[in-house]
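The values are calculated or read from the model by the stated rules, or taken from the named source; none is laboratory data. Just so it is clear, the structure is predicted and the values come from calculations on it, not from any experiment. Note: ideal-geometry Cβ built from the backbone for every residue, glycine included; neighbour counts use all protein chains shown. Note: areas computed on protein heavy atoms with side chains; ligands, DNA, RNA excluded. Shrake-Rupley method; radii C 1.70, N 1.55, O 1.52, S 1.80 Å.
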Number of protein chains: 2
Amino acid sequence: MARVECGYAHPDEETVSLEAIFHALSDPYRLRIVRTLAASAVPMNCGDLSFGRPKSSMSHHFRILRASGVLHTASHGVEHMNSLRREMLDRRFPGLMAAVLGEIGHATTTEASARPLTPA
Amino acid sequence: MARVECGYAHPDEETVSLEAIFHALSDPYRLRIVRTLAASAVPMNCGDLSFGRPKSSMSHHFRILRASGVLHTASHGVEHMNSLRREMLDRRFPGLMAAVLGEIGHATTTEASARPLTPA
DNA sequence: GGATTTGTTCTACTTTTATCGAACAAACGA
DNA sequence: TCGTTTGTTCGATAAAAGTAGAACAAATCC
C-alpha cells in the first residue's frame, strides 16, 4: 500500500478514509488550498498555495492533505506540483468533493472563504 | 445567534461552518454517532449512542457535534434526545451529508464503520 | 423526602496539532 | 562549481483536543 510516486507517497484508493479527509479539511489553510486547487485548471506549486505563510508550516499542511488522499504532489524540476485527486475521491466518496466545493447548491463558499484568514 | 432551545444552544443555520462540521466528523466516535443517528428513524438518547464509553467523554463529543450544527439535542424528561439536523445541513451544504452517509455511491461505509473502534 | 437515572461540568492528565526558525536536500542556471 | 530557487525535515514550543473520574444538577419514581 501507499506506493511511492515521483518521490512522494500517496495512499491507495482503498485505504483512503473519510475521517482522515475530514481531519485534513478541518483546517482553514488546508481548505483554502483545496478550494484554490479546485478553481485552478492546472496543478499549482507549493509556493503559490502558501498564502504568505512560512514554508515549513505549509509543508506540514501539504503533507496532511497528501496523506489523507486529498491531493497529489509530483516533482517537476525544482518545484512540486499539486493537484486534487478528484477522480479517485469521486469514486471513493461520490458527491463529497462536490459538496465541499459547493458545486451542487450555492452556499458553500459563504462561510470559510469569506473569512480573512489572518495569520493568528 | 445561537438561540437556546430546550436548555441547549444550537447554532443558527447561517453560522454553521464547513470547517466546524469537518472537525466534528473527524473523530471516529462522532462519525459513529452520526451514522447511527442517520440509520435511526427516531431520535436517540446519549446513553444509546455512547458505545460503552464513559459518559463524560461522550458528553464532550455530543457537545462538539451540537456546536458544529450537526446534531440537535432536546431534553425529554430525564433523557436527552439527539437527532441530526439533516434538513438544515442539506440546505446549507447540499450533498454533504448524503456523501458522508454514502447515499449516493456505495463506498462510504467501508472504512470507518468496518473499524473495530477499540477503546484505545 | 430519599433514591435512581441521565447527562453535564469540573479538573487533571495525556496526546495530538499547529507554528515556525534553521539546517538541509534536490534541481537548475550562470 | 557556486549561487539561487523550491520545498522538506528537524527541533522546540505553544495551543488544542481527547480521556475519564468525581462531583453536580434535573427529572422521575417510590
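A few remarks follow.
- For A:10-17, mean number of other protein chain Cβ atoms within 10 Å: 2
- Neighbours of A:Cys46 by Cβ distance under 12 Å: Lys/Arg scored +1, Asp/Glu scored -1, total +2.
- Take each residue in A:26-35, count the other chain C-beta atoms within 10 Å of its C-beta, and the mean is 2.
- Accessible surface buried once A binds B (1.4 Å probe; total of both sides; Å²): 2300 Å²
- Between the alpha-carbon centres of region B:20-98 and region A:1-65 there is a gap of 28 Å.
- Nearest-first distances (nm) between copies at A:Arg86, label 7 Å from Cα via Cβ: 3.0
- Principal axes of region B:18-100: Cα extent on each, largest first, Å: 34, 23, 20
- Other-chain or far-sequence residues with amide H under 5 Å of B:His80's (modelled H): B:Cys46
- Position B:Gly7, label points 7 Å along Cα→Cβ, spacing to each other copy in nm (shortest first, one decimal): 5.9
- Across identical copies of the chain, B:Asn45 has label-point separations of 6.1 nm, listed in ascending order, with the point defined 7 angstrom from Cα along Cα→Cβ.
- Sparse-neighbour loop sites [trypsin sites (Lys or Arg not before Pro); region B:1-62; at most 10 other C-beta within 10 Å; DSSP]: B:Arg3
- Contact order, relative form, for region A:4-100: 35 percent (alpha carbon pairs under 8 Å, 6 or more residues apart, mean separation divided by residue count).
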